[in-house]
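The structure under discussion appears below in the form of structure tokens.
The values are calculated or read from the model by the stated rules, or taken from the named source; none is laboratory data. None of these values were measured; they are calculated from a predicted model. Backbone-built Cβ (ideal geometry, glycine too); neighbour counts: all protein chains shown. All accessible areas refer to the heavy atoms of the entire protein, side chains included, with ligands and DNA or RNA removed. Shrake-Rupley method; radii C 1.70, N 1.55, O 1.52, S 1.80 Å.
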Amino acid sequence: MDKNRVYIFDTTLRDGEQVPGCQLTTVEKIIIAKELEELGVDIIEAGFPISSPGDFQSVVEISKAVTEPVICALTRANNADIDAAAEALRFAKRGRIHTGIGASDMHIKYKFNSTREAILERAVAAVKYARKFTDDVEFYAEDAGRADVVYLAQMIEAVIAAGATTVNIPDTNGYCLPGTYGEKIKFLVDNVKNIDKAIISVHCHNDLGLATANSIAGVINGARQVECTINGIGERAGNTSLEEVAMILKTHHGLGYNTNINSKRISNISSLVSSMMRMPVQPNKAIVGRNAFAHSSGIHQDGVLKHRENYEIIDPEEVGIESNSIILTARSGRHALKHHLERLGYKIDKINLDEVYQRFLVMADKTKEINDHDLQVLMGDGDSHNYDDQAIKVSLLQVVCGDPLRPMATVKLRINGEEKEASATGNGPVNATINAIHEIIKDDIELDEFSIQSMHGGSDDVSKVNMHVRCQGKSYYGFGYSTDIVNASVNAYVDALNKIY
């Protein structure tokens, strides 16, 4: 066995699915499991079979659908749980039973109302029973992060002797600091006599934001399996993030560790899990957040355009992202502006860049973020952003909606001084309003993108709406602001129409 190989144990479908609102159907779990297989995950924890008929069936179907990874099922330290796991895993090409019990005095006293001696007996008995069904048994010492290290070592030695092939040392409550957690792993390596007969696994939670750091500390001190989830989802503040662990070990190649993860598939599976679990990825999330490779500061933009590694330690292509993003804002410098103008085909040697840059700053202060169409306007190839002199203005907006009413909107537009009115229905108030505007405008306009952003938070917040529309093969962007989402949407759509006409 490669001593520097770190096995990736993914628990997105078990621990990750425990997040409120993130429950998956069996079909959705199979789709994710297959993507985890393509990603190169070594072990997939498919569920907790005894917890529900649905979870049981999911483990059965994932076992049938997946070939390469080990399929793991979670149990508590009792025979009924283990029986259910063994039955659910009957179709697995390689199955693992993951059983365990609390190891901290907190859990022993307040969760089990028991003693250290009795808990140790239950742990050994559970492992021995699980070994009747499979040679691959993992034992978890729940709340090991707060457990007495001498007692923990005694428990780990006993369960390995009973047949455990992997021993999981969870920081269940995310309590540990990286130094103390690493020392705990090292203590087990140095003091458990039969530790060479099992792989040490780390399972860390992110309650203090230290899950990934603790997991890496565990690896450095002897652990060779990391339990993690896509996007770091999981109970409470989440679990160790798979993409962070994979890229830390890949980026810090001097550490000498390797995984089987195909990092170029990270971005796709991150998006898939986010979509299926209805769990948005925070923009500043490491590796997979939309801002992870975005640069808006002029100093950073200049540096990354001169040499990517000035401000990027990871090539975005390594995680499946085509390229970084140079975002144009009022903080951007001449180099970033020049980069985007050249990308759009403008000949920089034929323009006065300093003069264009000054006009760019004025525009950026007004529109906050500059897109390609704005740059075309800036260069005189589009309509002006003179919002006080728009050809099309909304003079009336009236919307009726509710349940069971079908949403209906009446819109009156003033177009070059002439008022026109129309009414329409739709599948929602915004759709109904846009349909009413179409009744007036009549042109073939396609809505490509529609996004709503909260500016501050709260029920009285201002909403910012961005719209991307197409007309006769050309793209146009519109922006609108209002405390009323429908008003903001209409303002954005009319803004785009004014740029068209």
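Per residue, the accessible area of the stretch 393-498 comes to 55 Å², computed with a 1.4 Å probe over protein heavy atoms only. Here, P(r) means the percent of Cα pairs in each 10 Å bin from 0 to the largest distance; for the chain it is 4, 16, 22, 19, 15, 13, 8, 3, 0. Taken about its Cα centre, the chain carries a charge dipole of roughly 740 debye when the Cβ of each Lys and Arg holds +1 and the Cβ of each Asp and Glu holds -1.
Cβ-Cβ distance of residue 410 and residue 448, R₀ of 30 Å, FRET efficiency by 1/(1 + (r/R0)^6): the value works out to about 0.70. In the full protein context, the stretch 7-277 carries 38 Å² of accessible surface per residue, based on a 1.4 Å probe and ignoring ligands, DNA and RNA. Model label points for residue 366 and residue 125, set 7 angstrom from Cα along the Cα-to-Cβ axis, are 7.8 nm apart. For the stretch 298-379, the solvent-accessible area of protein heavy atoms averages 56 Å² per residue (probe radius 1.4 Å; ligands and nucleic acids excluded).
The share of accessible area on the chain that comes from carbon and sulfur is 48 percent, using a 1.4 angstrom probe.
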